[in-house]
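These notes concern the structure reproduced below.
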Amino acid sequence: MKRAIIIGATSGIGREVAKKLLAEGWQIGVAGRREQELTTLQALSPERVSIQTLDVTREDAPEQLRRLIAQTGGMDLFFLSSGVGWVNPELQPEIELRTVETNASGFVRMVTAAFLYFREHQGGHLAVISSVAGTRGIGSAPAYSATKRFQNIYIEGLAQLAHNRKLNIHFTDIRPGFVDTAILDGNGTMRYPMLMKPERVAAQIVRALNRRRRIAVIDWRYACLVFVWRLIPLWLWERIRLKNQ
């Protein structure tokens, strides 16, 4: 039986991916900060779901990850869905720094722990949720777009490292656009274009994971948007006025 560890499974994309992997017969270990939500998820299949409270911003998070892996009986797939993001054109320092703490420091903490586990156990599949926001610097959310780009580059570096050391580790960088999850709730009454339901996004993610795609932009509309964004010269991009700036 294939075994997956999902970090950030208490809501949104992580929870929906956990449900779909369960439906495909996986043994899963789920982690997040809210124990009650983890318990609710475990109730779907108590014999195939292990749980562990975990906060990626805490230094003991890798230790909690190892405990969850032991409970699950090993790890074939590591899936990181934890992340935060706010629109912050006023550059409130606490918002920018909290974003970096979770999306950069917490990201590195968990991804390196998973990489080292796979190095010690002859390989595995390391997948993360980043974002199409990492394509360009976004003025209304500079820390968010910067940390998502950081995640893209970090996974790229790990993939090169694994290849050079002949490690059997596969990588998937999943880049969704706007998804109707709690991460958007903290941004007030903003309206988001091309908003996707987490169930639909999770289905596409699981398909990408099963195919071991290296980069998966979710969905085709955002793939087109990313293509256009990359064509815009820097001087012009920096003069574009987006909403909420």
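The values are calculated or read from the model by the stated rules, or taken from the named source; none is laboratory data. Please read these numbers as outputs of a predicted model, since none were measured by experiment. Cβ atoms come from the backbone with ideal geometry, glycine included; neighbour counts cover every protein chain shown. The protein model used for the area step is the full one, side chains on, heavy atoms only, and it has no ligands, DNA or RNA in it. Shrake-Rupley method; radii C 1.70, N 1.55, O 1.52, S 1.80 Å.
Largest first, the residues 105, 82 sort by 1.4 Å accessible area into 105, 82.
Close amide-amide hydrogen proximity is noted between residue 29 and 4, 5, 6, 50, each under 5 Å apart and 5 or more residues distant or on a separate chain (H modeled in the peptide plane; Pro and chain starts excluded). Percent of accessible area on the chain owned by carbon and sulfur, 1.4 Å probe? Carbon with sulfur: 52 percent of the solvent-accessible area.
Which net charge results when you count Lys and Arg as +1 and Asp and Glu as -1 among the other residues whose beta-carbon is under 11 Å from that of residue 88? Within the 11 Å Cβ shell, the charges total -2. Computed over the alpha-carbon atoms, the chain gives an Rg to Rh ratio of 0.96, Rh here being the Kirkwood radius from the mean inverse distance. Taking amide H as placed 1.01 Å from N in the peptide plane, residue 54 has its amide H under 5 Å from the amide H of 32, 33, each at least 5 places away in sequence or on another chain. With a Förster radius of 22 Å applied to the beta-carbon distance between residue 232 and residue 92, the computed FRET efficiency rounds to 0.20. When each full DSSP H helix of the chain is screened for a Cα extent of at least 15 Å along its own axis and an average Kyte-Doolittle hydropathy of at least 0.0, the helices passing are 12-23, 107-120, 198-210, 220-231. Counting only Cβ charges, +1 for Lys and Arg and -1 for Asp and Glu, the dipole size of the chain around its Cα centre is about 900 debye.
Think of a 1.4 Å ball rolled over the protein heavy atoms: the chain then has 51 Å² of accessible area per residue.
Across the range 84-213, the mean sequence separation of Cα contacts (distance under 8 Å, 6 or more residues apart), normalised by length, yields a relative contact order of 28 percent. Short-range pairs are left out: with C-alpha atoms under 8 Å and at least six residues apart, the relative contact order of the chain is 19 percent.
Summing +1 for each Lys or Arg and -1 for each Asp or Glu among the other residues whose beta-carbon sits under 12 angstrom from that of residue 207 gives +3. Only Lys, Arg, Asp and Glu carry charge here, each on its Cβ (+1 for the first two, -1 for the last two); on that basis the range 1-97 has a dipole of about 520 debye about its Cα centre. In the chain, the DSSP-assigned H stretches of four residues or longer account for a calculated mean residue ellipticity at 222 nm of -13500 deg cm²/dmol, using -39500 (n - 2.57) per stretch and the full residue count as denominator.
What's the center-to-center distance, using Cα atoms, between the range 1-64 and the range 72-132 in Å? After rounding, the separation between the Cα centres reads 15 Å.
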